[in-house]
Structure formats: C-alpha cells, structure tokens
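Take a look at the structure below.
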Amino acid sequence: MNDGERTKQGWRAEILARRKALPEDVREQEAAALAEGVTQLGAATWVCAYVPVGREPGSVAMLDALRATGSRVLLPLTGEPGPLTWGEYLGPNRLRRGRFGLREPDGEPLRYALERAEILLIPALAVDRSGVRLGRGAGYYDRSLGGCRTDARLTAVVRDDELVDHLPEEPHDHRMGWALTPFGGWQRLGERAGN
C-alpha cells in the first residue's frame, strides 16, 4: 500500500507503534537535537509550544531553550473540546497535571495568545511535504489555528521519518508551513508534486 492509500487511522497505528519501539537512547538524542534546533531561528517574542507526552518527540528542554533566547513560551491549557486556551510557561516547576494527564502552566489563561504568537510548534504524528498534518484525531489544534496571525510560522514537530510524501487530508485540516525534525532541522513545506 502506498502513502496515498493509507487512512489516517492506519497512519496513526503505524506511527504510534514505531514510536513505542524507539529505543530510549535514540529518543533522548532526538530530544536534545530538537532543543538545539528550536533556537536556530533566533528569538521570537511569543512562541506557542507544548509539553511532549509519552513518546512524542522533544522534551521540556525544548521549552527552556526557547525561553533562553528571550521568547515568551505559551502552552495549551486543556479544557472542554473546542479552541485551545493558553498559559505562559515559566519553568518545569510551574507545570501541573491537566486533563488527559497533560502538563500545563499553573497560571491563568492568557487572552489573545494565538494572535500574538509568531511561531507555533505543534505536536504531530506526521506531516507531509505539502503541510498536511496528522494529529491524534481530537481536532483541538484544527479548531484553534484559525485564530493565528496570518504570518505565524505553523510548525509540525515530528521525528525525521515522520516527514512523509503524502497524507490524507480533510477539509477541516489546517496546513503547516514548516516542519521541525531532530536532525533535519527547520524545513519549509510546500505544494504536493502535481498540484
């Protein structure tokens, strides 16, 4: 079966299985590379990011590296299904357990977070070269990204082999303009061949 014939559910099952089988030392090397990679663009005033959970690429070190460049880092606050709200990351000791076991800032939600963010680092299971992002299927990000600045750098954070040629796309999906991978760094995404 080629990439274009796989369903989103098929992609999710395959990628989650690969992440589960990934040796811990490789995961740690990738996390260190992502922490270094996020700084390659220099400081942005506002960056929306996330705390990786389970086998997602990255670590809290990625957030600390962003703060060290002078960026204010915003993380999603879990709530009812709908657009995400955001709080400021002030260090690992200021994170609490949120809904679904996610770690989130312990402060109050910030208004207009997406309207301020110049860069958004978005968790993904995969992204294709045209910018189609595969998430976990709950739709939180797709319901939120319409509130971004038009010039915001929407960036899917994935492992190197999770940047693929083609993913299935649905009308509600928001395309990414960039991918950030551990060893490929920042990569601009564009149109699919033939489009």
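Only the coordinates and a few stated rules stand behind these numbers; no lab work does. Note that the structure is predicted; figures quoted are calculated from it, not measured. A quick note on method: Cβ atoms are made from the backbone with ideal geometry, for glycine too, and the neighbour counts reach across all protein chains shown.
Side notes on the structure shown:
- Search result, residues across the stretch 157-181 that are of a type in the set (A, V, I, L, M, F, W, C) and either part of a strand (DSSP E or B) or within 15 Å of the chain's Cα centre (by Cα) (or both): 157, 158, 163, 164, 176, 178, 179, 180
- Close pairs (7 angstrom Cβ cut-off, 6 or more residues apart or separate chains): among the acidic types (Asp, Glu) in the stretch 143-163, surrounded by fewer than 19 Cβ atoms within 10 Å (Cβ to Cβ) anywhere: 160/183; 160/184
- Residue 12 touching a residue at least 24 places away in the same chain (Cβ under 8 Å), closer than 28 Å to residue 164 by Cβ and surrounded by fewer than 17 Cβ atoms within 10 Å (Cβ to Cβ): no
- Every condition in (1) assigned to a helix (DSSP H, G or I); (2) buried (at least 18 other Cβ atoms within 10 Å of the Cβ) holds for residue 93 except the one numbered (2).
- Counting only residues that are of a type in the set (Val, Ile, Thr), over 16 Å from residue 158 (Cα atoms) and in a helix (DSSP H, G or I), the stretch 23-53 holds 1 of them.
- Verdict on residue 68 being surrounded by fewer than 19 Cβ atoms within 10 Å (Cβ to Cβ), touching a residue at least 24 places away in the same chain (Cβ under 8 Å) and either closer than 20 Å to residue 185 by Cα or among the basic types (Lys, Arg) (or both): yes
- Residue satisfying all of: in the stretch 79-89; surrounded by 15 or more Cβ atoms within 10 Å (Cβ to Cβ) and free of Cβ contacts under 8 Å to residues at least 60 places away in the same chain; farthest from residue 31 (Cα to Cα) among these: 85
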